[in-house]
Number of protein chains: 2
Amino acid sequence: MELWFTEKQTPGLGITCKVLQTLHREVTPYQEIAVLDTEQFGRMLVLDGMVQLTISDEFVYHEMLAQVPLHIHPHPRHVLIIGGGDGGTAREVLRHPQVEKVTLVEIDRRVVEVSRHFIPEVASSFDDARMNVEFVDGVAYVLNKCGEYDVILIDAPEPIGQAERLFSMQFYKGIASALREDGIFAAQTESPFVNQELIKRVHSDISGIFPITRLYLAPVPTYPSGTWSFTIGSKQYDPLLSLRNGGLDGVLRYYNADVHRAAFQLPNFVRELLSKEVLL
Amino acid sequence: MELWFTEKQTPGLGITCKVLQTLHREVTPYQEIAVLDTEQFGRMLVLDGMVQLTISDEFVYHEMLAQVPLHIHPHPRHVLIIGGGDGGTAREVLRHPQVEKVTLVEIDRRVVEVSRHFIPEVASSFDDARMNVEFVDGVAYVLNKCGEYDVILIDAPEPIGQAERLFSMQFYKGIASALREDGIFAAQTESPFVNQELIKRVHSDISGIFPITRLYLAPVPTYPSGTWSFTIGSKQYDPLLSLRNGGLDGVLRYYNADVHRAAFQLPNFVRELLSKEVLL
């Protein structure tokens, strides 16, 4: 017997993976969590039927969400992560010795517990003394903070249902307030091939709040279209002009300084999505 | 009723697309040719069950295969294309007024005929006076040529069956002989996520023949993993140092000079695939 898991990424497109074993499956008050062992990608975390990460390609997503802003900010001490209960983004942040404290705000405690059990190489930093995990709503958490963080990372699921609020103007304004006066934030902002309207709207919203707004790209084979976008909002530091040596040569599998600069060089069809004033 | 076409890209991974209509299907002496109209990507050309192109994302592949070498060579007059019977690569080459002659060598006449009928926006250049199409074997054709071409583009299918010869040392040596003394060639060389051994071997082979060998990357959503590699072998011109203004601003949808340079900035895991001497 062959078992295949298919995620319908859009109404007309799917990715399908041969499953060696279903390691875990449960329904929490927030979502369905599953862990599959796949032939192509190894272990895979699936939330509400959508691939969240696989052992094979998570390094690209997590390095690019975390390492880009952490190499831009000259002294990232206090970092807030919204979502990211699998721990991959925190793992990347904690590679930086300058980081004194990471606060991870994940609404579903079971995502952390399941990840620690089934994908420990991703959820490897929960015992780090600098880690502080809050199981509360990320939007409410951010809206109550003021001038606390150097870097905020939005490791949110697709903008469906509750997660839609993580792509809202109100939330971005809250992030701006929660950051210090030289703070910077990065959010995953979906595929430039599949989610063009979202990218356009989010980029316009963020550039109305932050003096510096930039989109960058990276490949993630198991996400729709295989190419993913991230958007940075920064109060002072320019992603291309402010770039420190993180001392992580030989440690990272995707990120390096050349890749950092290259990720911001956008193809014409993506440039066209973003408004002219923003591109400069 | 819903009809879905699934390509098993590897034994454990597939892409699946909702089909609105099967526009064409035939078996030629060389392969099965199909044209599907898909909900996500529009018309799709499928050869032996493998997605060759779709109307939605072909611009990335064709621009990046053709525009990168054509912007490196300072005076590309005579260009040879091996494969590429759909016409997309030729369309990109012929955007350059400097190009005096394009020779396209496609083994299967029906690929050209079917493409002209069903995907005319890709197969748009067959009536150009500079086009010369030969329906013969690409390897044999190249091995009979000496010092004729400024640029050679290998628009080959996956290295399976007959197409394996298009990834062989003998073929690369033939290309070197067929090029002029300042010639340059580019070949599609599969996915850095899925076909690492092939990329490694091909890069090593080509760098044993050409003084300058470089890999570059681009996203192609309908190809395995969504990220594709191309390898350049060049006798004189460096892909990063020799870059002319092609005068194609406002015409191309993916390529620009910044993207050209960025495409050669490789992530750590791809750098590691290539040998150290080659990377410099």
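Laboratory data are not the source of any read-out in this text; all were calculated from the coordinates shown. Remember, it's a predicted structure, so these values are computed and weren't measured experimentally. Neighbour counts run over all protein chains shown; Cβ positions are idealised from the backbone, glycine included.
Numbers at a glance
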| quantity | calculated |
| --- | --- |
| Shielding by other protein chains, B:249-262, mean Cβ within 10 Å | 4 |
| FRET efficiency, 1/(1 + (r/R0)^6) with R0 56 Å, evaluated for B:SER124 and A:ARG109 via beta carbons | 0.50 |
| Contact order relative to length of chain B, as percent, for alpha carbon pairs under 8 angstrom and 6 or more apart | 16 percent |
| Rounded to 5, percent antiparallel among DSSP beta bridges of chain A | 65 percent |
| Most mobile listed residue (B:LEU70, B:LEU143, B:LEU248) in chain B, GNM with C-alpha springs under 10 Å | B:LEU248 |
| Within 10 Å of each Cβ in B:4-13, the average number of Cβ atoms from other chains | 5 |
| When the convex hull of its Cα atoms is projected in every direction, mean area for segment B:150-246 (nm²) | 6.5 nm² |
| Partner lysines for B:LYS8 [C-alpha distance under 26 Å; skip if fewer than 8 residues away on the same chain] | A:LYS8, A:LYS18, B:LYS18, B:LYS200 |
| Chain A, rotation onto B, residue closest to that axis via Cβ, with its distance in Å | A:GLY226, 1 |
| Other-copy label distances relative to B:GLU197, 7 angstrom Cα-Cβ extension, nm | 4.6 |
| Nm distances between copies for A:GLY49, ranked from closest, using label points 7 Å along Cα→Cβ | 2.7 |
| Reach of A:LYS173 by Cα under 18 Å, taken over aspartates and glutamates that are not fewer than 8 positions away in the same chain | A:ASP137, A:GLU148, A:ASP150, A:ASP155, A:GLU164, A:GLU181, A:ASP182, A:ASP205 |
| Shielding by other protein chains, B:225-231, mean Cβ within 10 Å | 4 |
| Label point 7 Å beyond Cα along the C-beta direction, distances from A:LYS101 to other copies (nm, shortest first) | 7.3 |
| Evaluated at q = 0.14 Å⁻¹: base-10 log I(q)/I(0), Debye formula over Cα of segment A:51-141 | -0.45 |
| Distance histogram for chain A (every C-alpha pair counted, 5 angstrom bins, percent rounded to whole numbers) | 1, 6, 13, 18, 20, 18, 13, 7, 3, 1, 0, 0 |
| Sites A:SER242 and A:PHE135 - FRET efficiency at Förster radius 45 Å, r taken between beta-carbons, to 0.05 | 0.85 |
| Separation in nanometres of the label points that stand 7 Å from Cα toward Cβ, at A:GLN162 and A:HIS75 | 3.7 nm |
| Cα-derived Rg over Rh, computed across the protein assembly as shown with Rh taken as Kirkwood radius | 0.98 |
